[in-house]
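**Q** Quick one: structure below, then a few questions.
The values are calculated or read from the model by the stated rules, or taken from the named source; none is laboratory data. If you're wondering where the values come from, they're calculated on a predicted model, not measured in any experiment. Using ideal geometry, Cβ is built from the backbone for each residue, glycine included, and neighbour counts are taken over all protein chains shown. Surface accessibility is based on the protein's heavy atoms, side chains included, excluding ligands, DNA and RNA. Shrake-Rupley method; radii C 1.70, N 1.55, O 1.52, S 1.80 Å.
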Amino acid sequence: MCGIVGYIGKRDAQSILVEGLKKLEYRGYDSAGIAMYTEAGLQVKKAKGRLAVLESHLDGAPLVGTVGIGHTRWATHGKPSDENSHPHTDMTMKFSVVHNGIIENYTDLKEELIASGVTFVSETDTEVISHLVAREYDGDIVRAVQKAITHLRGAYALGVLTEFEPDRLVAVRNASPLIIGIGEGEHFIGSDIPAILEHTRNVFILNDGEMAVLTKDTVELMTIEGNFISREMIHVDWDAVTAEKAGFDHFMLKEIYEQPKAYRDTMRGRVDSDLTVSLPELKLSPAELANIRKVHIVACGTAYHAGLVGKTVIETSARIPVEVEVASEYRYRCPLITPETLVIVVSQSGETADTLAALREAKANGAHVLAITNVVGSSVAREADSVMLTMAGPEIAVASTKAYSSQLIAFFLLGMYLAQTLSTQETAWVRGIVAAMLALPEQVEQILDNTDALREYAESIAVHEHLFFIGRGVDYAVAQEGSLKLKEISYIHSEAYAAGELKHGTLALIEDGIPVIALATQNALLEKTVSNIKEVKARGGVIFGISDVNEATALGKAVDEVYAIPATHPLLTPALSVVPLQMISYYASLARGNDVDKPRNLAKSVTVE
Ligand code: F6R
């Protein structure tokens, strides 16, 4: 989950590296560093803290050259510190390495290197790589890297430079993402597209077990064994400003407001004029679909919460049993996967290590794997049998918003497609829901035009340390996402409970003045939810209720304050009800003076298990 950028060409490398790292700060931001080939040889500057700290060091003493590598770190081995920052070097300072991933056998390698006389200066796993490359070097950096990595076990994307060959930059990928950017008389490496988008839109995506050797004029792609390969160049259509804040105070806010567009884009081309759904990307014939006996949805964090909604959607529409599980648990409990199981992995980044491992487990057991992901060319997208892309565009804020809600849209589309193909629901039922889906973007806009009450409420809870969310059915699923969002960025402790479950223990925690957010969008369950709300109210809870406009008056009688969302089909309410929860989290985080886009201890893309 660190960020890597590299440059070899004819322009000032320092500014290209620093600008690239700025675009990658969401991948990790506890320290940053660059290594450049300069007149004085290989020089490294690195510093603990945000990139701005490194920039202030460089302001006084810039590095001058046209070749370099840079890194922004999210600590895994060794605390955030100057020493543990990348790039790492060997003892002679002639070799420099940036790394994203984890070297699982680094302790053994470190002991072996220490026994042979090597002195380590950091606590990182990465430093072993620079010493190994130096040890293997016999005049050819490519060969040295190839030999060095035969000792490594784990995940790594690497950028390697040596002072002995200042006209070459070596990049390697194994289980951590890496792309190669193609310019004219210049080339780039990046752990993610935004790092280099300003300079080129033409990229090669490396696969696991592949490497690239860059000079300013050439790029050679090969396997790590040294067999040359050819690869189709991908042209990236992303607009550079898409990755900027576009006038919003924070990426998170911008991304919340981008949800209507994300919904439209995700439905675009998949909903026909007769309100049927086309999903050509699902590589299962109707006969194969009819053979599916169960569905597993596997994901982490927010994507897992989207899966919880997906379960209700698929069970209701396709009448197939669905299990939802966090990816870090799935693989280790010998899940019952058969060729009749459809495994759906959900991942915004497509690089989450746990999700990828679950995908591989599912494939190894013969299941068809459908990935719902936001990133073209991501590991998950490349390894799955079918890929349904959410069209949310790049999500920069660590807290996921538009990616989550686009995943909901993907599940709605999938559910309706299954109902249609398997004839498990009436055509009119499917069409009614598809019509309601098409109205969602505008309904989100209505919510976003009406946020004052949400801001006021968020400011009122910002002084609290504990809060509860309650809801039934899909409201409970959304409550879990609302609770995660609040914890993640406001650092207020919260718990999400199935409304009917509170009285089985948790009610003991409700005391005078404790804020409770009650989701009551399921009109058929309103009376039951209201009973649970009254249990909370009787113990002193202060309740902020969310329902649709049709039930707002009824709910208003039971709660302290009510917020109404537009009315939609009960299955689709999560795509609306999550929006006020996102706004409440955003404003609570702001009121507490937190860094909304980069909450403490979290990283955007979690590529370690
Ligand atoms: C929370 C959040 C995380 C991610 C989780 C999975 O806002 O963003 O919980 O949802 O780390 O990430 P992806 O979806 O990239 O697999």
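**Q** If you count only protein heavy atoms with a 1.4 Å probe, what accessible area per residue comes out for segment 270-440, rounded to a whole Å²?
**A** That works out to 33 Å² for each residue.
**Q** Ignoring ligands, DNA and RNA, what percent of the accessible area of segment 450-591 is carbon or sulfur (1.4 Å)?
**A** 50
**Q** Now for a separate question. Tilt of helix 13-24 relative to the longest C-alpha principal axis of the chain, in degrees (0 to 90, nearest 10)?
**A** Between helix and principal axis, roughly 20 degrees.
**Q** Separate question: Need the C-alpha centroid separation for segment 424-476 versus segment 146-215, integer Å.
**A** 42
**Q** Treating cross-link reach as a plain straight distance, find the lysines whose alpha-carbon is under 17 Å from the alpha-carbon of K487, omitting any fewer than eight places away in the same chain.
**A** Counting by Cα, and skipping residues close in sequence, K487 has these lysines nearby: K598, K604.
**Q** Lysines near K534 by alpha-carbon distance under 22 Å, same-chain residues fewer than 8 away left out - which ones?
**A** Partners found: K503, K557.
**Q** Which net charge results for the neighbourhood of S81, defined as the other residues with beta-carbon distances under 12 angstrom from its beta-carbon, given Lys and Arg at +1 and Asp and Glu at -1?
**A** Neighbourhood net charge equals 0.
**Q** So for segment 270-440: antiparallel DSSP bridges make up what percent, rounded to the nearest 5?
**A** So the antiparallel bridges in segment 270-440 amount to around 5 percent.
**Q** Taking a label point 7 Å from the Cα of T424 along the Cα→Cβ vector, which residues of segment 279-315 have an amide N closer than 12 Å to it?
**A** Those under the cut-off are 289-296, 311-315.
**Q** Could you work out the relative contact order of the chain, using alpha carbon pairs under 8 angstrom and six or more residues apart, expressed as a whole percent?
**A** Details: 1391 pairs, mean separation 68.7, N = 609.
For the chain, the relative contact order is 11 percent.
**Q** Continuing with the same structure: Reachable lysines from K283, Cα under 28 Å, same-chain residues fewer than 8 places away excluded?
**A** K261, K294, K311, K363, K402
**Q** Give me the percent of accessible area attributable to carbon and sulfur for segment 169-221, probe 1.4 angstrom.
**A** Whole-percent figure for carbon plus sulfur exposure: 42.
**Q** Next up: Calculate one ³J(HN,Hα) per residue across segment 506-517 by plugging θ = phi - 60° into the Karplus curve 6.51 cos²θ - 1.76 cosθ + 1.60, and present them in order as whole Hz with x for glycine and proline.
**A** Working through the residues one at a time gives 5, 4, 4, 8, 7, 9, 3, x, 6, x, 9, 9 Hz.
**Q** Skip the ligands, DNA and RNA, and give the accessible area per residue of segment 456-556 with a 1.4 Å probe, whole Å². Kindly include the intermediate steps, with their values, before the conclusion.
**A** Details: 3970 Å² over 101 residues.
I get 39 Å² per residue for segment 456-556.
**Q** At a 1.4 Å probe radius, carbon and sulfur cover how many percent of the accessible area of segment 316-384?
**A** Within segment 316-384, the accessible surface is 53 percent carbon and sulfur.
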